[in-house]
1. Mind checking which pairs have a first residue in the range 189-208 that is of a type in the set (Phe, Trp, Tyr) and a second that is outside any strand (DSSP E or B) and more than 10 Å from ligand 2 (Cβ to nearest atom), Cβ under 9 Å, 6 or more apart or different chains?
2. Restricting attention to the range 178-212, report how many residues are away from ligand 2 (no atom under 16 Å from the Cβ) and among the charged types (D, E, K, R).
3. For the range 73-94, does any single residue satisfy the condition of being under 28 Å from the mean Cα position of the chain (by Cα), in a helix (DSSP H, G or I), surrounded by 17 or more Cβ atoms within 10 Å (Cβ to Cβ) and not aliphatic (A, V, I, L, M)?
4. Taking the range 186-214 only, how many residues are among the aromatic types (Phe, Trp, Tyr) and within 11 Å of ligand 1 (Cβ to nearest atom)?
5. Find all pairs meeting these conditions: Cβ atoms under 7 angstrom apart; at least six residues apart or on different chains; first residue within the range 168-183 and over 15 Å from residue 207 (Cβ atoms) and of a type outside the set (Val, Ile, Thr); second residue part of a loop (DSSP other than H, G, I, E, B) and modelled with pLDDT of 90 or more.
6. Does residue 226 qualify as being within 16 Å of ligand 2 (Cβ to nearest atom) and either surrounded by 24 or more Cβ atoms within 10 Å (Cβ to Cβ) or over 30 Å from residue 279 (Cβ atoms) (or both)?
Amino acid sequence: MNNRSSSSTVLTNLHQENENLVLEPLLPSNQDIEQSTNGLLESEEQRDFQSVCFTYISRLRNLRSLMTARPSRQCCYDSLKWIPVIFILALVTWSYYAYVVQMCILIYLCIYHPLLILFLWSYYRTMFQPTVGPPKEFYISDIEGQQIKSAQTIDERRAILVRISRQANLSLLTRHFDGSIRYCFVCQCIKPDRAHHCSICEKCVLRYDHHCPWTNSCVSYGNYKFFVLFLCWAWIFCTYVAATSLEYFIQFWKIVSNIEKNGDNTVPSSGKFHLFFVFFVSIMFGISISSLFFYHLYLTGKNRTTIESFRAPIFESGPQKEGFNLGWKRNFQEIFGTKFFKAIIPIPTTRGDGVHYQVNSILLGGLQQPTTNPIRSNDNDNNIISPFIRSDADILPFE
Ligand SMILES: [Zn+2]
Ligand SMILES: [Zn+2]
């Protein structure tokens, strides 16, 4: 009776623990948020923006649990997730009409169109780049999954995970907070370093950063460069539109003030209304995007994901926020490559395979590097190993 009771307690704990694992990427605790503010570049605007995102995702998750109860509602739920994307595209279409048709200044349009193309191209790549999951050797068999679920103690579960990872020759540097190998009960796989389970996409994703409702995709290893470029080009685009439509904004206000002061009956044309709102919307979005863009530039310079900024990755020696920091130059090269022209357009330049990562050898000197580390030491972009030109089978450890 006691055994059965302790077994059920362990199973309940395991279940709860798994729930926490699933939720941890998206809903950091207050304590985590407090920790993250220590020495981090976090403004009030960023926190506001993040809290809005977290609230949106949290409500989306609640809605999903309600709607996916019936399979027929799954389709409806999937459609709802595209609402923010449709909103952005509708706004861009309207601003295109206002700027190109109503304003129509040829010299301005020569710069406007390349910026628009780069912005939409980055946005498209962020949305539709397939997310990269753990390679097949990280997934375990049903029998092994049952063994883990039915483990009586945490030590027993830890021993099983160590045995499985050794048998599959997996190189893992990070650990769960209880010291065991990180495991996803939902996907039934051992999590590679920096991988996390996305509870919106319902799968484990390599170098998981966050799930972005504005792109309806997981920002992760496969599309992180595209996401940063999307923010970059969107910010430049908004700033350019705001700067070039400022003159029309001032004209609009002069007309309005003349009406108020002199009783002038001149009513601003509909075109001037459009340009007034184009300026207003571009300034508003430009300011919002800039905080997120510079925050992600900071994270890239530190080689840190959004989750890792909330909760430091745990190595065998303990938590270490700077564990993957190789210096800002190498950190940027890991994502953007070494060629400037290739770095600023949304083409694949991210190095590595998303599974193996170099660590800061000064901070984690005693830690063994993976024997099959694919990150090349030279600076030649031709040697970049990209998931975009390889099949899943090819994303196995390299030579
Ligand atoms: Zn998972
Ligand atoms: Zn996701």
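The values are calculated or read from the model by the stated rules, or taken from the named source; none is laboratory data. Being a predicted model, the structure only gives us computed values, none of them experimental. We place every Cβ from the backbone using ideal geometry, glycine too, and count neighbours over all the protein chains shown.
1. Sorted first by the residue in the range 189-208, then by its partner, the pairs are 208/194; 208/195; 208/221; 208/305; 208/306; 208/307.
2. Counting residues in the range 178-212 that are away from ligand 2 (no atom under 16 Å from the Cβ) and among the charged types (D, E, K, R) gives 3.
3. No, that holds for no residue.
4. Step one: filter the range 186-214 for residues among the aromatic types (Phe, Trp, Tyr), giving 208, 214.
When the remaining residues are screened for being within 11 Å of ligand 1 (Cβ to nearest atom), the result is 208.
Selection size over the range 186-214: 1.
5. Pairs that qualify, where the first residue is over 15 Å from residue 207 (Cβ atoms) and of a type outside the set (Val, Ile, Thr) and the partner is part of a loop (DSSP other than H, G, I, E, B) and modelled with pLDDT of 90 or more, are 171/356; 175/181; 175/182; 176/182; 183/191.
6. yes
Rundown of residues vs (1) closer than 15 Å to residue 356 by Cα; (2) among the hydrophobic types (A, V, I, L, M, F, W, C); (3) buried (at least 19 other Cβ atoms within 10 Å of the Cβ), yes/no style:
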| position | (1), (2), (3) |
| --- | --- |
| 172 | yes, yes, yes |
| 177 | no, yes, no |
| 185 | no, yes, no |
| 194 | yes, no, yes |
| 202 | no, no, no |
| 206 | yes, yes, yes |
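Per-residue answers, yes or no, for (1) within 16 Å of ligand 2 (Cβ to nearest atom); (2) closer than 30 Å to residue 107 by Cβ; (3) surrounded by fewer than 21 Cβ atoms within 10 Å (Cβ to Cβ); (4) of a type in the set (Gly, Ala, Ser):
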site: 215; (1), (2), (3), (4): yes, no, no, no
site: 220; (1), (2), (3), (4): yes, no, no, yes
site: 246; (1), (2), (3), (4): no, yes, yes, no
site: 259; (1), (2), (3), (4): no, no, yes, no
site: 262; (1), (2), (3), (4): no, no, yes, no
site: 272; (1), (2), (3), (4): no, yes, yes, no
